[in-house]
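Worksheet for the structure shown next.
The values are calculated or read from the model by the stated rules, or taken from the named source; none is laboratory data. Computed from a predicted structure; not experimentally measured. Methodologically, a virtual Cβ is constructed for each residue, glycine included, from the backbone with ideal geometry; neighbour enumeration extends over all protein chains shown. We work out accessible area using only protein heavy atoms, side chains counted, and drop any ligands, DNA or RNA first. Shrake-Rupley method; radii C 1.70, N 1.55, O 1.52, S 1.80 Å.
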Amino acid sequence: MAQILAYDADPEMNWDVVSSLGHDVKTFNDPGETIDYAQENKVDIALLSNAEGIDMIKHLREISPNFKVVIFCDAPDIMEVRRALRLAPCSFLFKPIVKEELDACLKRALLKGKSTIKGSLNV
């Protein structure tokens, strides 16, 4: 079981899929609260949404250079994807979240931190 920090600006985002995989999840919709929590608590993986989540990677890596991050977004914007990939997240997923894909990404991140990208980009 991992300690998961989950951020999405949408307060209606449902994180039950993460809990159903057996993980403890702490959810946020404010970037400042998200960073504060990461500074004060043990976090195994951060699930971060969209551009705001990408912006948080740098701050999380200041807390710990090995901070494991999974980015997910609604609709792929090639510039945002490129910006995220420069910050080396463990995985990049597209909404809607597919339970099996999320589970595989979290397992890989916990074990090795290998980079993976799921979904397709229509450029």
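Being closer than 19 Å to F94 by Cβ, in contact with a helix residue (DSSP H, G or I) (Cβ under 8 Å, 6 or more places away or on another chain) and surrounded by fewer than 16 Cβ atoms within 10 Å (Cβ to Cβ): is that true of D10 here? Answer is no for this residue. Among the residues that make up the stretch 30-38, is at least one of them open to solvent by 40 Å² or more (accessible area, probe 1.4 Å) and among the polar types (S, T, N, Q)? Within the stretch 30-38, not a single residue is open to solvent by 40 Å² or more (accessible area, probe 1.4 Å) and among the polar types (S, T, N, Q). Among residues of the stretch 2-16 that are of a type in the set (A, V, I, L, M), those with a Cβ under 6 angstrom from a residue that is open to solvent by 10 Å² or more (accessible area, probe 1.4 Å) and part of a loop (DSSP other than H, G, I, E, B), sequence gap 6+ or separate chain, pair up as A2/H23; A2/D44; I4/H23; L5/V43; A6/W15; A9/N29. Hey, can you tell me all the residues within the stretch 39-53 that are part of a loop (DSSP other than H, G, I, E, B), touching a helix residue (DSSP H, G or I) at 6+ places or on another chain (Cβ under 8 Å) and surrounded by fewer than 20 Cβ atoms within 10 Å (Cβ to Cβ)? Listed by number, the list holds a single entry, D44.
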